[in-house]
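The values are calculated or read from the model by the stated rules, or taken from the named source; none is laboratory data. Just so you know, these numbers come straight off a predicted model, no measurement behind them. Neighbour counts run over all protein chains shown; Cβ positions are idealised from the backbone, glycine included.
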Amino acid sequence: MADPLHHFIPLPDATVELRRAFGRFGTGVTIVTVQTANGPLGMTANSFSSVSLDPPLVQWSPALSSKRHDAFTNAAQFAVHILGSGQRALADAFAVSGDAFDQFDWTIGPNGAPTLAGCLASFHCDTYGVHPAGDHSIVLGQVTHAAYDPDDSVAGLMYDQGRYGRFTPLTE
């Protein structure tokens, strides 16, 4: 019997199939925020990851096709918010519109970026570098301030195969 993992997809002509293959990697869900001349702006992103502890660096990747791309790649500071499993409405709102701040509690953070209330963690960053990467940009941020909810019982909001969910620990 053939192993489905060895049914290789010829690239680059299989974009839909490649997206499905990438979707097998479950990720956390974040909202990245910046302060612009026109007010606060946010974007839901699942491309976030930590990069380095010394110096403290994180990265995320906005799509070039996003109308919000340039605001984020030109910003000197930004904040990344890690969402909890009960914050799907927040994720959905900022996936559709970058100006959904009137629907949620927020304040100005220590670096001037909008800070959303009630998130599992937030990282306030100075932009460290922006690099072209195909149809996205890689934005590196040097973390200047971080905060997190010490309540370990709250699960993170996850995104896997086009669906939202939550992390459930395996029982040993």
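Close Cβ contacts (under 8 Å, 6 or more residues apart or on different chains) running from residues in segment 144-172 that are more than 22 Å from Gly23 (Cβ to Cβ) to residues that are among the aliphatic types (A, V, I, L, M) and assigned to a loop (DSSP other than H, G, I, E, B) comprise Tyr148/Leu120; Asp149/Leu120; Val154/Leu120.
Scanning segment 90-129 for residues that are surrounded by fewer than 16 Cβ atoms within 10 Å (Cβ to Cβ) and assigned to a strand (DSSP E or B) yields a total of 4. Of all residues in segment 35-93, count the ones that are farther than 26 Å from Arg24 by Cα and in contact with a Cys (Cβ under 6 Å, 6 or more places away or on another chain). The number of residues fulfilling the criteria is 1. Taken together, the criteria exclude Ser137 from residues that are surrounded by 15 or more Cβ atoms within 10 Å (Cβ to Cβ) and over 28 Å from Arg19 (Cβ atoms). Within segment 35-67, if we keep just the residues that are more than 13 Å from the chain's Cα centre (by Cα) and hydrophobic (A, V, I, L, M, F, W, C), the residue that is nearest to Gln87 (Cα to Cα) turns out to be Leu41. Tell me, please, whether a residue that is at pLDDT below 95 and among the acidic types (Asp, Glu) can be found in segment 123-131. No, the conditions are met nowhere in segment 123-131.
Across segment 58-79, what is the total count of residues that are among the aliphatic types (A, V, I, L, M) and either crowded, with 18+ Cβ neighbours inside 10 Å or on the phi > 0 side of the Ramachandran plot (or both)?
Counting residues in segment 58-79 that are among the aliphatic types (A, V, I, L, M) and either crowded, with 18+ Cβ neighbours inside 10 Å or on the phi > 0 side of the Ramachandran plot (or both) gives 4.
Identification of strands (runs of 3 or more DSSP E) wholly contained in segment 17-82 with 2 or more residues that are hydrophobic (A, V, I, L, M, F, W, C) and more than 20 Å from Ala95 (Cα to Cα) yields 49-53, 56-60.
Here is a check on your reading of the model: is Arg88 of a type in the set (Lys, Arg), in contact (Cβ under 8 Å) with a residue 60 or more places away in the chain and under 21 Å from His136 (Cβ atoms)? No, not satisfied.
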